[in-house]
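In what follows, a structure is listed as C-alpha coordinates, so that the remarks can point back to it.
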Amino acid sequence: MTAVETSEPVEEDPAGMLELVDLEPETLMDAFEGRGWGDGLPLVPPTPERVEAMLAVVGGDPDEVLGVLPPRRGAVTRRTVAINAVLAGCPPRVMPVVLAAARILGGPSFNLEAVNPTTHPVAPLVIVHGEAVDRLGFNAGAGAFGPGNRANATVGRAVRLLLLHTSGARPGEGDRSTQGQPSKYTYCVAENLPASPWGGYAASRGVDTPSAITVAPVENPHNAHDQEDDSPEKVLDKLASNIASLGSNHCCILGNEIFVAMCPEHAASIAGRKWTRADVAGYLQQRARITAAQLIAAFDQRSWPRWMRGLRGDDLVPLIAQPDDLRLVVVGGPGKHSSVLPCFGTAPCSVTLPLDI
Amino acid sequence: MVLVHNPLGPIARQQHRLSPRRASLDGVRIGVLGNSKANSKALLTGIAERIAADVGGALTVVIAKQTAGEPADQVMLARLLAEADVVLTGSAD
(Lines give C-alpha, C1' and ligand atoms only; values in the text may rest on other atoms or scores of the structure.)
Protein backbone atom coordinates (compact mmCIF):
# COMPACT_ATOMS: atom_id res chain seq x y z
CA MET A 1 0.00 0.00 0.00
CA THR A 2 1.21 3.52 -0.81
CA ALA A 3 0.49 6.54 1.37
CA VAL A 4 -1.57 9.30 -0.24
CA GLU A 5 -0.15 12.78 -0.40
CA THR A 6 -2.06 15.67 1.12
CA SER A 7 -1.64 19.41 1.04
CA GLU A 8 -3.10 22.42 2.79
CA PRO A 9 -6.71 23.24 1.90
CA VAL A 10 -7.17 25.11 -1.34
CA GLU A 11 -10.17 27.10 -2.42
CA GLU A 12 -12.31 25.89 -5.26
CA ASP A 13 -15.74 26.69 -6.55
CA PRO A 14 -16.11 30.21 -5.09
CA ALA A 15 -19.67 30.95 -4.11
CA GLY A 16 -21.75 32.94 -6.54
CA MET A 17 -24.70 35.20 -5.92
CA LEU A 18 -28.30 34.16 -6.23
CA GLU A 19 -30.65 36.33 -8.29
CA LEU A 20 -34.20 36.74 -6.95
CA VAL A 21 -37.17 38.68 -8.33
CA ASP A 22 -37.76 40.31 -4.94
CA LEU A 23 -37.00 39.89 -1.23
CA GLU A 24 -40.42 38.66 -0.16
CA PRO A 25 -40.14 35.84 2.41
CA GLU A 26 -41.90 33.39 0.11
CA THR A 27 -39.53 34.18 -2.75
CA LEU A 28 -36.46 33.36 -0.68
CA MET A 29 -38.09 30.29 0.86
CA ASP A 30 -39.03 28.94 -2.58
CA ALA A 31 -35.57 29.62 -4.01
CA PHE A 32 -33.88 27.84 -1.12
CA GLU A 33 -36.34 24.96 -0.97
CA GLY A 34 -35.87 24.35 -4.69
CA ARG A 35 -32.13 23.94 -4.17
CA GLY A 36 -32.41 21.75 -1.08
CA TRP A 37 -31.15 24.58 1.13
CA GLY A 38 -32.40 25.98 4.41
CA ASP A 39 -33.86 24.31 7.51
CA GLY A 40 -37.53 24.53 6.51
CA LEU A 41 -38.19 27.72 8.47
CA PRO A 42 -38.41 31.32 7.22
CA LEU A 43 -35.06 32.95 6.49
CA VAL A 44 -33.67 36.48 6.47
CA PRO A 45 -32.40 37.38 2.96
CA PRO A 46 -28.57 37.46 2.98
CA THR A 47 -28.22 40.69 1.07
CA PRO A 48 -24.73 42.13 0.57
CA GLU A 49 -25.59 44.95 2.98
CA ARG A 50 -26.61 42.60 5.78
CA VAL A 51 -23.59 40.36 5.26
CA GLU A 52 -21.24 43.34 5.30
CA ALA A 53 -22.79 44.52 8.57
CA MET A 54 -22.14 41.10 10.07
CA LEU A 55 -18.55 41.04 8.80
CA ALA A 56 -17.86 44.53 10.15
CA VAL A 57 -18.26 43.22 13.70
CA VAL A 58 -15.41 40.70 13.43
CA GLY A 59 -13.05 42.33 10.92
CA GLY A 60 -10.32 40.34 9.17
CA ASP A 61 -10.11 38.84 5.68
CA PRO A 62 -13.66 37.67 4.79
CA ASP A 63 -12.34 34.88 2.60
CA GLU A 64 -9.55 33.49 4.76
CA VAL A 65 -9.99 29.74 5.25
CA LEU A 66 -10.30 29.18 9.01
CA GLY A 67 -11.32 25.54 8.99
CA VAL A 68 -12.95 22.77 7.01
CA LEU A 69 -16.42 21.28 7.52
CA PRO A 70 -16.83 17.64 6.44
CA PRO A 71 -18.30 15.82 4.64
CA ARG A 72 -18.70 18.48 1.91
CA ARG A 73 -15.38 19.94 3.03
CA GLY A 74 -16.82 23.43 2.88
CA ALA A 75 -14.48 26.20 3.96
CA VAL A 76 -15.11 28.07 7.18
CA THR A 77 -14.65 31.67 6.10
CA ARG A 78 -15.89 34.79 7.83
CA ARG A 79 -18.06 35.50 4.79
CA THR A 80 -19.73 32.10 4.72
CA VAL A 81 -20.34 32.25 8.47
CA ALA A 82 -21.78 35.76 8.11
CA ILE A 83 -24.14 34.68 5.31
CA ASN A 84 -25.56 31.88 7.43
CA ALA A 85 -25.77 34.11 10.48
CA VAL A 86 -27.88 36.58 8.48
CA LEU A 87 -30.11 33.76 7.23
CA ALA A 88 -30.64 32.62 10.84
CA GLY A 89 -31.73 36.08 11.97
CA CYS A 90 -28.67 36.80 14.11
CA PRO A 91 -28.17 40.33 15.30
CA PRO A 92 -24.65 41.36 14.21
CA ARG A 93 -23.49 41.59 17.83
CA VAL A 94 -23.49 37.77 18.16
CA MET A 95 -21.38 37.21 15.05
CA PRO A 96 -18.21 36.60 17.14
CA VAL A 97 -19.97 33.71 18.88
CA VAL A 98 -21.11 32.11 15.63
CA LEU A 99 -17.63 32.53 14.16
CA ALA A 100 -15.97 31.00 17.22
CA ALA A 101 -18.33 28.03 17.08
CA ALA A 102 -17.64 27.58 13.37
CA ARG A 103 -13.88 27.62 13.99
CA ILE A 104 -14.27 24.89 16.62
CA LEU A 105 -16.46 22.78 14.34
CA GLY A 106 -13.99 23.15 11.48
CA GLY A 107 -10.90 22.60 13.62
CA PRO A 108 -8.85 19.48 14.32
CA SER A 109 -10.10 18.90 17.88
CA PHE A 110 -13.78 18.46 17.03
CA ASN A 111 -14.79 15.14 15.48
CA LEU A 112 -17.27 16.57 12.97
CA GLU A 113 -16.21 13.85 10.53
CA ALA A 114 -18.17 11.44 12.72
CA VAL A 115 -20.73 13.77 14.33
CA ASN A 116 -22.37 14.68 11.02
CA PRO A 117 -22.83 11.29 9.36
CA THR A 118 -23.63 9.16 12.42
CA THR A 119 -27.06 7.57 12.80
CA HIS A 120 -26.99 8.75 16.45
CA PRO A 121 -29.14 11.81 17.28
CA VAL A 122 -26.40 14.28 18.10
CA ALA A 123 -26.22 18.02 17.58
CA PRO A 124 -23.42 20.43 18.43
CA LEU A 125 -24.52 22.44 21.47
CA VAL A 126 -23.04 25.93 21.83
CA ILE A 127 -22.56 27.00 25.45
CA VAL A 128 -21.71 30.66 26.06
CA HIS A 129 -19.75 31.53 29.20
CA GLY A 130 -18.84 34.70 31.07
CA GLU A 131 -19.28 38.36 30.20
CA ALA A 132 -20.58 37.58 26.72
CA VAL A 133 -23.80 36.23 28.21
CA ASP A 134 -25.13 39.57 29.43
CA ARG A 135 -23.30 41.80 26.98
CA LEU A 136 -24.67 39.97 23.94
CA GLY A 137 -28.11 39.23 25.39
CA PHE A 138 -28.05 35.45 25.90
CA ASN A 139 -30.49 33.74 28.25
CA ALA A 140 -28.90 31.68 31.03
CA GLY A 141 -31.99 31.72 33.25
CA ALA A 142 -35.56 30.45 33.03
CA GLY A 143 -36.09 28.48 29.84
CA ALA A 144 -32.46 28.85 28.79
CA PHE A 145 -32.65 25.94 26.35
CA GLY A 146 -35.51 27.77 24.68
CA PRO A 147 -37.61 29.13 23.26
CA GLY A 148 -37.90 32.90 23.26
CA ASN A 149 -34.44 34.48 23.32
CA ARG A 150 -33.08 35.83 20.05
CA ALA A 151 -29.37 35.37 20.78
CA ASN A 152 -29.76 31.76 21.94
CA ALA A 153 -32.15 30.88 19.14
CA THR A 154 -30.30 32.48 16.26
CA VAL A 155 -26.75 31.47 17.21
CA GLY A 156 -27.81 27.84 17.43
CA ARG A 157 -29.71 28.15 14.19
CA ALA A 158 -26.77 29.80 12.40
CA VAL A 159 -24.55 26.88 13.42
CA ARG A 160 -27.11 24.42 12.07
CA LEU A 161 -27.51 26.33 8.79
CA LEU A 162 -23.74 26.33 8.40
CA LEU A 163 -23.77 22.56 8.85
CA LEU A 164 -26.63 22.11 6.41
CA HIS A 165 -25.09 24.36 3.76
CA THR A 166 -21.32 24.50 4.08
CA SER A 167 -20.82 21.14 5.73
CA GLY A 168 -23.36 19.33 3.54
CA ALA A 169 -25.13 17.78 6.54
CA ARG A 170 -28.51 17.34 4.86
CA PRO A 171 -30.75 14.72 6.46
CA GLY A 172 -30.27 11.38 4.70
CA GLU A 173 -27.14 12.66 2.95
CA GLY A 174 -24.28 14.15 4.98
CA ASP A 175 -26.39 13.75 8.14
CA ARG A 176 -27.49 10.14 8.54
CA SER A 177 -29.29 10.49 11.87
CA THR A 178 -32.00 7.84 12.07
CA GLN A 179 -34.60 10.14 13.61
CA GLY A 180 -32.87 13.50 13.93
CA GLN A 181 -33.67 15.52 17.03
CA PRO A 182 -35.36 18.88 17.66
CA SER A 183 -32.06 20.43 18.73
CA LYS A 184 -30.83 20.01 15.18
CA TYR A 185 -32.85 23.15 14.40
CA THR A 186 -31.04 25.25 16.99
CA TYR A 187 -28.99 24.39 20.08
CA CYS A 188 -27.40 27.16 22.09
CA VAL A 189 -27.53 27.94 25.79
CA ALA A 190 -25.70 30.20 28.24
CA GLU A 191 -24.11 29.27 31.55
CA ASN A 192 -25.73 30.87 34.59
CA LEU A 193 -22.47 31.94 36.17
CA PRO A 194 -23.99 34.15 38.91
CA ALA A 195 -25.94 31.13 40.12
CA SER A 196 -23.01 28.71 39.99
CA PRO A 197 -21.57 27.96 43.43
CA TRP A 198 -18.54 26.33 41.78
CA GLY A 199 -17.38 29.17 39.55
CA GLY A 200 -17.44 29.04 35.77
CA TYR A 201 -17.32 25.90 33.67
CA ALA A 202 -14.73 27.28 31.24
CA ALA A 203 -12.34 28.14 34.08
CA SER A 204 -12.76 24.59 35.38
CA ARG A 205 -11.46 23.41 32.00
CA GLY A 206 -8.48 25.76 32.12
CA VAL A 207 -9.98 28.56 30.02
CA ASP A 208 -9.95 31.43 32.48
CA THR A 209 -10.90 34.34 30.22
CA PRO A 210 -13.69 36.93 30.61
CA SER A 211 -15.75 35.14 27.97
CA ALA A 212 -15.53 31.67 26.51
CA ILE A 213 -17.44 29.22 24.36
CA THR A 214 -17.91 25.46 24.49
CA VAL A 215 -19.16 23.34 21.63
CA ALA A 216 -20.27 19.86 22.66
CA PRO A 217 -21.86 17.19 20.43
CA VAL A 218 -24.70 15.98 22.63
CA GLU A 219 -28.20 14.55 22.67
CA ASN A 220 -31.22 16.58 23.69
CA PRO A 221 -31.41 17.32 27.45
CA HIS A 222 -32.80 14.38 29.45
CA ASN A 223 -34.79 15.74 32.39
CA ALA A 224 -34.01 14.77 35.99
CA HIS A 225 -36.55 16.03 38.50
CA ASP A 226 -36.05 16.23 42.28
CA GLN A 227 -38.11 18.32 44.69
CA GLU A 228 -37.51 16.19 47.78
CA ASP A 229 -35.11 17.97 50.08
CA ASP A 230 -31.61 19.39 50.21
CA SER A 231 -29.89 16.00 50.06
CA PRO A 232 -27.17 15.94 47.39
CA GLU A 233 -27.53 12.17 47.14
CA LYS A 234 -31.24 12.31 46.27
CA VAL A 235 -30.66 14.80 43.45
CA LEU A 236 -27.56 13.10 42.12
CA ASP A 237 -28.99 9.57 42.31
CA LYS A 238 -31.72 10.66 39.90
CA LEU A 239 -29.15 12.11 37.53
CA ALA A 240 -27.09 8.91 37.88
CA SER A 241 -30.13 6.81 37.05
CA ASN A 242 -30.70 8.95 34.00
CA ILE A 243 -27.08 8.45 32.89
CA ALA A 244 -27.13 4.69 33.53
CA SER A 245 -29.81 3.93 30.98
CA LEU A 246 -29.54 0.81 28.83
CA GLY A 247 -30.51 2.90 25.81
CA SER A 248 -27.46 5.10 26.17
CA ASN A 249 -24.59 4.95 23.69
CA HIS A 250 -22.33 4.97 26.74
CA CYS A 251 -23.32 1.36 27.46
CA CYS A 252 -21.43 0.01 24.49
CA ILE A 253 -18.87 2.79 23.97
CA LEU A 254 -17.24 3.54 27.29
CA GLY A 255 -15.05 6.58 27.65
CA ASN A 256 -16.97 9.66 26.76
CA GLU A 257 -18.03 12.94 28.31
CA ILE A 258 -21.47 13.45 29.82
CA PHE A 259 -22.74 16.94 30.44
CA VAL A 260 -25.01 17.74 33.36
CA ALA A 261 -26.89 21.03 33.05
CA MET A 262 -27.70 21.60 36.70
CA CYS A 263 -30.39 24.05 37.71
CA PRO A 264 -29.42 26.74 40.25
CA GLU A 265 -31.62 25.32 43.05
CA HIS A 266 -30.10 21.85 42.81
CA ALA A 267 -26.64 23.41 42.64
CA ALA A 268 -27.32 25.53 45.71
CA SER A 269 -28.62 22.53 47.67
CA ILE A 270 -25.60 20.43 46.83
CA ALA A 271 -23.04 23.17 47.37
CA GLY A 272 -24.82 24.06 50.63
CA ARG A 273 -23.67 20.67 51.96
CA LYS A 274 -20.09 21.65 51.02
CA TRP A 275 -19.92 19.41 47.97
CA THR A 276 -17.47 20.63 45.35
CA ARG A 277 -17.62 20.24 41.57
CA ALA A 278 -15.20 17.31 41.91
CA ASP A 279 -17.39 15.75 44.62
CA VAL A 280 -20.39 15.84 42.29
CA ALA A 281 -18.41 14.28 39.42
CA GLY A 282 -16.93 11.62 41.69
CA TYR A 283 -20.29 10.67 43.16
CA LEU A 284 -21.97 10.41 39.77
CA GLN A 285 -19.08 8.32 38.46
CA GLN A 286 -19.59 5.92 41.37
CA ARG A 287 -23.37 5.77 41.10
CA ALA A 288 -24.02 5.74 37.34
CA ARG A 289 -23.30 2.03 36.86
CA ILE A 290 -24.92 -1.03 35.34
CA THR A 291 -23.99 -4.65 36.03
CA ALA A 292 -21.82 -6.36 33.47
CA ALA A 293 -24.47 -9.09 33.21
CA GLN A 294 -27.10 -6.57 32.11
CA LEU A 295 -24.79 -5.03 29.53
CA ILE A 296 -23.63 -8.35 28.13
CA ALA A 297 -27.25 -9.51 27.87
CA ALA A 298 -28.26 -6.28 26.12
CA PHE A 299 -25.39 -5.81 23.67
CA ASP A 300 -23.60 -8.24 21.37
CA GLN A 301 -21.63 -5.33 20.06
CA ARG A 302 -19.48 -3.53 22.59
CA SER A 303 -16.58 -1.18 21.93
CA TRP A 304 -15.14 -1.66 25.38
CA PRO A 305 -11.57 -1.14 26.46
CA ARG A 306 -9.60 -4.35 26.86
CA TRP A 307 -9.70 -4.30 30.69
CA MET A 308 -13.49 -4.53 30.67
CA ARG A 309 -13.52 -7.85 28.83
CA GLY A 310 -12.70 -9.72 32.02
CA LEU A 311 -15.65 -8.39 33.99
CA ARG A 312 -17.89 -10.84 35.86
CA GLY A 313 -21.67 -10.69 35.81
CA ASP A 314 -22.20 -8.87 39.07
CA ASP A 315 -19.42 -6.34 38.52
CA LEU A 316 -20.71 -2.81 38.19
CA VAL A 317 -19.65 -1.09 34.99
CA PRO A 318 -19.26 2.69 35.19
CA LEU A 319 -21.07 4.63 32.49
CA ILE A 320 -18.69 7.50 33.25
CA ALA A 321 -15.19 6.10 32.78
CA GLN A 322 -13.53 8.71 34.99
CA PRO A 323 -14.85 11.64 37.04
CA ASP A 324 -13.27 14.16 34.67
CA ASP A 325 -15.63 12.97 31.93
CA LEU A 326 -18.57 14.39 33.92
CA ARG A 327 -18.99 18.00 32.81
CA LEU A 328 -21.04 20.17 35.16
CA VAL A 329 -22.59 23.46 33.98
CA VAL A 330 -25.17 25.53 35.88
CA VAL A 331 -28.06 26.45 33.60
CA GLY A 332 -31.60 27.70 34.07
CA GLY A 333 -33.87 29.59 36.43
CA PRO A 334 -36.19 28.86 39.36
CA GLY A 335 -37.40 25.29 39.83
CA LYS A 336 -35.87 21.88 40.43
CA HIS A 337 -35.25 20.35 37.04
CA SER A 338 -31.75 19.52 35.87
CA SER A 339 -30.75 17.54 32.82
CA VAL A 340 -28.26 15.07 31.42
CA LEU A 341 -26.76 15.55 27.96
CA PRO A 342 -24.80 12.49 26.80
CA CYS A 343 -22.07 13.09 24.22
CA PHE A 344 -21.62 11.19 21.00
CA GLY A 345 -18.59 9.04 20.30
CA THR A 346 -15.55 8.87 22.50
CA ALA A 347 -13.66 11.43 24.54
CA PRO A 348 -12.53 14.07 24.00
CA CYS A 349 -15.76 15.31 22.47
CA SER A 350 -16.26 18.91 23.59
CA VAL A 351 -14.03 21.89 22.94
CA THR A 352 -13.84 25.03 25.11
CA LEU A 353 -11.99 28.11 23.88
CA PRO A 354 -11.68 31.79 24.83
CA LEU A 355 -14.24 34.04 23.19
CA ASP A 356 -13.17 37.48 22.04
CA ILE A 357 -16.15 39.84 21.86
CA MET B 1 -33.99 41.72 -9.59
CA VAL B 2 -32.05 41.53 -6.35
CA LEU B 3 -28.95 39.59 -5.38
CA VAL B 4 -28.43 37.53 -2.24
CA HIS B 5 -25.47 35.43 -1.20
CA ASN B 6 -25.17 31.71 -1.81
CA PRO B 7 -24.90 30.12 1.66
CA LEU B 8 -22.76 27.12 0.70
CA GLY B 9 -19.46 28.94 0.27
CA PRO B 10 -16.28 27.62 -1.30
CA ILE B 11 -14.90 24.14 -0.85
CA ALA B 12 -11.59 23.78 0.94
CA ARG B 13 -10.53 20.37 -0.09
CA GLN B 14 -7.47 18.40 0.79
CA GLN B 15 -5.90 17.10 -2.36
CA HIS B 16 -5.62 13.34 -2.17
CA ARG B 17 -3.73 11.46 -4.83
CA LEU B 18 -4.82 7.89 -5.35
CA SER B 19 -2.19 5.20 -5.28
CA PRO B 20 -1.41 3.75 -8.70
CA ARG B 21 -3.75 0.91 -9.62
CA ARG B 22 -2.03 -2.48 -9.33
CA ALA B 23 -1.41 -4.18 -12.64
CA SER B 24 -2.34 -7.52 -11.10
CA LEU B 25 -3.71 -8.94 -7.87
CA ASP B 26 -1.57 -12.06 -8.16
CA GLY B 27 -0.06 -12.81 -4.78
CA VAL B 28 -1.53 -9.67 -3.25
CA ARG B 29 -1.33 -9.04 0.51
CA ILE B 30 -4.78 -7.96 1.69
CA GLY B 31 -5.49 -5.98 4.85
CA VAL B 32 -8.81 -5.35 6.58
CA LEU B 33 -9.67 -2.22 8.55
CA GLY B 34 -12.92 -2.83 10.42
CA ASN B 35 -14.97 -0.26 12.31
CA SER B 36 -16.13 -2.48 15.21
CA LYS B 37 -19.75 -2.42 14.06
CA ALA B 38 -21.67 -5.68 14.18
CA ASN B 39 -20.61 -8.03 11.35
CA SER B 40 -17.97 -5.62 10.06
CA LYS B 41 -15.12 -8.05 10.66
CA ALA B 42 -17.06 -11.04 9.33
CA LEU B 43 -18.08 -9.23 6.14
CA LEU B 44 -14.71 -7.70 5.35
CA THR B 45 -12.58 -10.72 6.19
CA GLY B 46 -14.98 -12.94 4.23
CA ILE B 47 -14.54 -10.78 1.15
CA ALA B 48 -10.78 -10.62 1.66
CA GLU B 49 -10.44 -14.37 2.01
CA ARG B 50 -12.52 -14.93 -1.12
CA ILE B 51 -10.36 -12.55 -3.13
CA ALA B 52 -7.20 -14.07 -1.72
CA ALA B 53 -8.33 -17.55 -2.73
CA ASP B 54 -9.15 -16.37 -6.25
CA VAL B 55 -5.82 -14.63 -6.93
CA GLY B 56 -3.37 -16.65 -4.88
CA GLY B 57 -2.98 -13.86 -2.36
CA ALA B 58 -3.27 -13.79 1.43
CA LEU B 59 -5.16 -11.98 4.16
CA THR B 60 -2.18 -10.61 6.05
CA VAL B 61 -3.55 -8.13 8.60
CA VAL B 62 -6.92 -7.49 10.27
CA ILE B 63 -7.39 -4.36 12.40
CA ALA B 64 -10.52 -3.08 14.13
CA LYS B 65 -10.86 0.50 15.27
CA GLN B 66 -11.96 0.88 18.90
CA THR B 67 -15.18 2.62 17.75
CA ALA B 68 -16.70 3.56 14.42
CA GLY B 69 -16.66 7.24 15.36
CA GLU B 70 -12.88 7.49 15.51
CA PRO B 71 -10.46 7.66 12.61
CA ALA B 72 -7.77 5.01 12.26
CA ASP B 73 -4.73 6.17 14.21
CA GLN B 74 -1.19 6.46 12.91
CA VAL B 75 -0.13 3.12 14.42
CA MET B 76 -2.93 1.35 12.56
CA LEU B 77 -2.10 3.11 9.30
CA ALA B 78 1.60 2.34 9.64
CA ARG B 79 0.87 -1.33 10.17
CA LEU B 80 -1.42 -1.46 7.15
CA LEU B 81 1.21 0.28 5.05
CA ALA B 82 3.84 -2.23 6.14
CA GLU B 83 1.83 -5.43 5.94
CA ALA B 84 -0.68 -4.98 3.11
CA ASP B 85 -0.73 -4.06 -0.56
CA VAL B 86 -4.47 -3.32 -0.59
CA VAL B 87 -6.90 -2.66 2.27
CA LEU B 88 -10.62 -3.32 2.51
CA THR B 89 -12.65 -1.02 4.76
CA GLY B 90 -16.02 0.72 4.94
CA SER B 91 -18.65 -1.24 6.83
CA ALA B 92 -21.37 0.72 8.63
CA ASP B 93 -24.34 -0.36 10.77
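The values are calculated or read from the model by the stated rules, or taken from the named source; none is laboratory data. Fair warning: this is a prediction, and the values are worked out from it, not measured in the lab. Virtual Cβ from ideal backbone geometry, glycine too; neighbours counted across all protein chains shown. Just so you know, the surface numbers come from the protein's heavy atoms only, side chains and all, with ligands and any DNA or RNA stripped out. Shrake-Rupley method; radii C 1.70, N 1.55, O 1.52, S 1.80 Å.
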| said: Going through the cross-link list A:Lys184/B:Lys41; A:Lys238/B:Lys37; A:Lys234/A:Lys336, which pairs have a Cα-Cα distance over 23 Å in this structure? | reply: A:Lys184/B:Lys41; A:Lys238/B:Lys37
| task | State, as an integer percentage, the relative contact order of chain A based on alpha-carbon contacts under 8 Å between residues 6 or more apart. | result | 20
| DSSP loop GluC sites (Glu not before Pro) with at most 16 other Cβ within 10 Å excluded, longest remaining stretch of chain A | A:229-357
| field | Share antiparallel - DSSP beta bridges, the protein assembly as shown, percent rounded to 5 | value | 65
| task | Step through the residues of the stretch A:171-183 one at a time and calculate ³J(HN,Hα) from phi using the Karplus curve (6.51 cos²θ - 1.76 cosθ + 1.60, θ = phi - 60°), rounding each to whole Hz and writing x for Gly and Pro. | result | x, x, 10, x, 10, 9, 4, 4, 10, x, 7, x, 6
| said: If you take the accessible area of A alone plus B alone and subtract the pair, what total do you get in square angstrom, rounded to 100, with a 1.4 Å probe? | reply: 4000
| query | Taking the Cα atoms only, what angle lies between the long axis of helix B:74-83 and the longest principal axis of chain B, rounded to 10 degrees? | reply | 40
| Relative contact order computed over the stretch A:1-157 (Cα-Cα under 8 Å; 6+ residues apart), in percent | 18
| message | I'd like the Karplus ³J(HN,Hα) series for the stretch B:33-49: coefficients 6.51, -1.76, 1.60, θ = phi - 60°, whole numbers in Hz, and an x wherever there's a Gly or Pro. | response | 10, x, 10, 6, 6, 4, 6, 4, 5, 5, 5, 5, 5, x, 5, 4, 5
| message | Once you order the gyration tensor axes a ≥ b ≥ c over the Cα atoms, which shape class does the protein assembly as shown get: rounded for a/c under 1.5, otherwise prolate or oblate by comparing a/b with b/c? | response | oblate
| task | Would you please give the residues with an amide H less than 5 Å from that of A:Phe259, counting only those at least 5 places away or on a separate chain, with H modeled from the backbone geometry? | result | A:Arg327, A:Leu341, A:Cys343
| Over the stretch B:29-89, what percent of the accessible surface lies on carbon and sulfur atoms, probe 1.4 Å? | 57
| query | Percent antiparallel among DSSP beta bridges with both residues in the stretch A:221-349, to the nearest 5? | reply | 65
| query | Across the stretch A:109-119, in residue order, what do the Karplus-derived ³J(HN,Hα) couplings come to in whole Hz, using 6.51 cos²θ - 1.76 cosθ + 1.60 with θ = phi - 60° and x for Gly and Pro? | reply | 8, 9, 8, 5, 4, 9, 5, 5, x, 5, 6
| said: Tell me which of B:Gln66, A:Pro92, A:Tyr187 sits at the most positive position along the dipole axis of the protein assembly as shown, charges placed on C-beta atoms (Lys, Arg +1; Asp, Glu -1). | reply: B:Gln66
| task | Give, to the nearest whole percent, the P(r) tail of the stretch A:96-165 beyond 19 angstrom, counting all Cα pairs. | result | 37
| task | Determine the shielding of peptide A:72-80 by partner chains: average, over its residues, the number of Cβ atoms on other chains within 10 angstrom of each Cβ. | result | 4
| said: Rounded, prolate or oblate for the stretch A:94-245? Axes are the square roots of the Cα gyration tensor eigenvalues, ordered a ≥ b ≥ c, and the cut-off for rounded is a/c under 1.5. | reply: oblate
| request: Any chance you could give the angle, 0 to 90 degrees and rounded to 10, that helix A:78-88 forms with the longest Cα principal axis of chain A? | output: 80
| message | Residue by residue through B:62-74, how many Cβ atoms from other chains fall within 10 Å of the Cβ on average? | response | 4
| note | Taking 0.36 nm per residue of separation between B:Ala38 and B:Met1 and subtracting their Cα-Cα distance, the length gained on full extension comes to 7.9 nm
| said: For a test of the definition: using alpha carbon positions, the gyration tensor, and the 1.5 limit on a/c, classify the stretch A:221-349 as rounded, prolate or oblate. | reply: prolate
| For helix A:232-243, what angle does its Cα long axis make with the longest principal axis of chain A, in degrees from 0 to 90 and rounded to 10? | 60
| Alpha-carbon gyration tensor eigenvalues x 5, square-rooted, for the stretch A:10-190, Å | 22, 20, 18
| task | Rounding to the nearest 20 debye, state how big the charge dipole of the protein assembly as shown is about its Cα centre with +1 on each Lys and Arg Cβ and -1 on each Asp and Glu Cβ. | result | 960
| note | Result for the stretch A:10-190: accessible area per residue, probe 1.4 angstrom, in square angstrom, of 39
